[in-house]
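The values are calculated or read from the model by the stated rules, or taken from the named source; none is laboratory data. Keep in mind it's a predicted model, so treat the numbers as computed, not measured. All Cβ positions, even for glycine, are placed from backbone atoms using ideal geometry, and neighbour counts span all protein chains on display. Just so you know, the surface numbers come from the protein's heavy atoms only, side chains and all, with ligands and any DNA or RNA stripped out. Shrake-Rupley method; radii C 1.70, N 1.55, O 1.52, S 1.80 Å.
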Amino acid sequence: GSKDVIYKVSVAAAQRDIVLTFEDQTASEEAGQMRRDFVANVSHELRTPLTALLGFIETLNGAAKDDPVARTRFLDIMAHEANRMRRLVDDLMSLTRVEEDERVRPREKVELGALLASVIKGLEPQAAAAGVSVALALVAGEETVPGDAGQLVQVFTNLVENAIKYGATGKEVRVALMPRTMHQRLRAEAVQITVTDKGEGIAEHHLARLTERFYRVDNHRSREVGGTGLGLAIVKHIINRHRGRMTIESQLGEGTTVSVFLPTARLS
Ligand code: ADP
């Protein structure tokens, strides 16, 4: 019989070359496709800084060999590109680790107020550099949840970092810890932590896809602020492991609020 064939057309413009790819998307082997997409994405993300590095090495070996000013400038750019590769590799390793951990329930008793305070303190230099102030409101004084403290630090570091990176125009980030209440979807008591920025916001049609690996609203902006596109994917896996939930509400031009709900009872 005749079947519809769907083609995905991607355009990649690298330097001067424009590459048009036609991919047959009809096959129902979605998992395989996802894995191939992931490998292709990783390769592309690593190749871009690598190409830049090789280009600068060549220039340093040739035209800029005896130019100390150019040398310093190029070495700065090279360090920037190498750092970008390191962040990507670090995030890839985190992602793999949290995926492997997902079946093991975390059992530490985590004091959320103290954890949030230390996350914010750790991000102070970054916030200051962006001209952002981060406020912490502990509506619930002392709340503990069963969890993996190291992973929860990673969750809130990623969320507050995003609020700083993409919320800078609004200059204000607010983190709040709310008292435990009954959560309908989770059918359990949960505490809510919100991270709110007054930044550029996110158009509604993007919201559902933000936790996909390498999904970015604005590629250029994400790279500029040092994003890997993996932050929210890592966050999602960690929250799943804690049997929690995350919601993202946003209004273009107004800002974004990310809410994390974490169950308070022992995880089974
Ligand atoms: P990245 O490393 O690119 O920041 P994330 O997975 O953390 O990747 O986020 C995915 C995308 O979601 C970002 O590239 C950005 O476009 C968007 N995003 C995340 N948080 C915010 C926010 N607070 N305000 C606006 N856009 C955001």
Report, by residue number, each residue of segment 189-232 that is over 27 Å from Ile120 (Cβ atoms) and either more than 16 Å from the chain's Cα centre (by Cα) or of a type in the set (S, T, N, Q) (or both). Ala203, Glu204, His205, Asn219
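Out of the residues in segment 209-218 that are of a type outside the set (A, V, I, L, M, F, W, C) and either touching a residue at least 40 places away in the same chain (Cβ under 8 Å) or more than 8 Å from the ligand (Cβ to nearest atom) (or both), which is surrounded by the fewest Cβ atoms within 10 Å (Cβ to Cβ)?
Step one: list which residues in segment 209-218 are of a type outside the set (A, V, I, L, M, F, W, C), which gives 209, 211-213, 215-216, 218.
Going one step further and asking which of them are either touching a residue at least 40 places away in the same chain (Cβ under 8 Å) or more than 8 Å from the ligand (Cβ to nearest atom) (or both), we end up with 209, 212-213.
Values: Arg209: 11, Glu212: 15, Arg213: 19.
Filtering segment 209-218 for residues that are of a type outside the set (A, V, I, L, M, F, W, C) and either touching a residue at least 40 places away in the same chain (Cβ under 8 Å) or more than 8 Å from the ligand (Cβ to nearest atom) (or both), the one surrounded by the fewest Cβ atoms within 10 Å (Cβ to Cβ) comes out as Arg209.
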Tell me whether segment 96-110 contains one or more residues that are modelled with pLDDT under 95, among the charged types (D, E, K, R) and crowded, with 17+ Cβ neighbours inside 10 Å. no
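Please verify whether Leu252 is within 12 Å of the ligand (Cβ to nearest atom), over 18 Å from the mean Cα position of the chain (by Cα), surrounded by fewer than 18 Cβ atoms within 10 Å (Cβ to Cβ) and of a type in the set (A, V, I, L, M, F, W, C), treating the condition exactly as stated.
On the way: within 12 Å of the ligand (Cβ to nearest atom): yes; over 18 Å from the mean Cα position of the chain (by Cα): yes; surrounded by fewer than 18 Cβ atoms within 10 Å (Cβ to Cβ): yes; of a type in the set (A, V, I, L, M, F, W, C): yes.
When the stated conditions are applied, Leu252 passes them.
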What are the pairs, 6+ residues apart or on separate chains, where a residue within segment 79-94 that is assigned to a helix (DSSP H, G or I) has its Cβ under 7 Å from a residue that is buried (at least 18 other Cβ atoms within 10 Å of the Cβ) and of a type outside the set (A, V, I, L, M, F, W, C)? Glu81/Pro49; Arg84/Pro49; Met85/Pro49; Arg87/Thr228; Leu88/Glu45; Leu88/Thr228; Asp91/Thr228; Ser94/Gln154
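One line per residue, one yes/no per condition, for (1) at pLDDT below 95; (2) not acidic (Asp, Glu):
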site	(1), (2)
Ala129	yes, yes
Ala137	no, yes
Glu142	yes, no
Gly147	no, yes
Gln151	no, yes
Thr157	no, yes
Val160	no, yes
Lys165	yes, yes
Val173	no, yes
Give segment 217-242 a look and list any residue that's at pLDDT below 95 and in a loop (DSSP other than H, G, I, E, B), or say none. Val217, Asp218, Val225, Gly226, Gly227, Thr228, Gly229
Filter segment 194-208 for residues that are surrounded by fewer than 19 Cβ atoms within 10 Å (Cβ to Cβ) and farther than 28 Å from Val145 by Cβ and give the result. Ala203, Glu204, His205, His206
Hey, among the residues in segment 219-249 that are open to solvent by 20 Å² or more (accessible area, probe 1.4 Å) and of a type in the set (S, T, N, Q), which one's nearest to the ligand (Cβ to nearest atom)? Asn219
Of the residues in segment 199-216 that are over 22 Å from Ser43 (Cβ atoms), out of contact with any strand residue (DSSP E or B) (no Cβ under 7 Å at 6 or more places or on another chain) and part of a loop (DSSP other than H, G, I, E, B), the one that is modelled with the lowest pLDDT is Glu200
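Is there a residue in segment 176-193 that is within 12 Å of the ligand (Cβ to nearest atom) and open to solvent by 80 Å² or more (accessible area, probe 1.4 Å)? Before the answer, list the steps.
Step one: of segment 176-193, the residues within 12 Å of the ligand (Cβ to nearest atom) are none.
Taking every residue of segment 176-193 in turn, none turns out to be within 12 Å of the ligand (Cβ to nearest atom) and open to solvent by 80 Å² or more (accessible area, probe 1.4 Å).
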In segment 154-175, is there at least one residue being free of Cβ contacts under 8 Å to residues at least 24 places away in the same chain, more than 10 Å from the ligand (Cβ to nearest atom) and open to solvent by 60 Å² or more (accessible area, probe 1.4 Å)? no
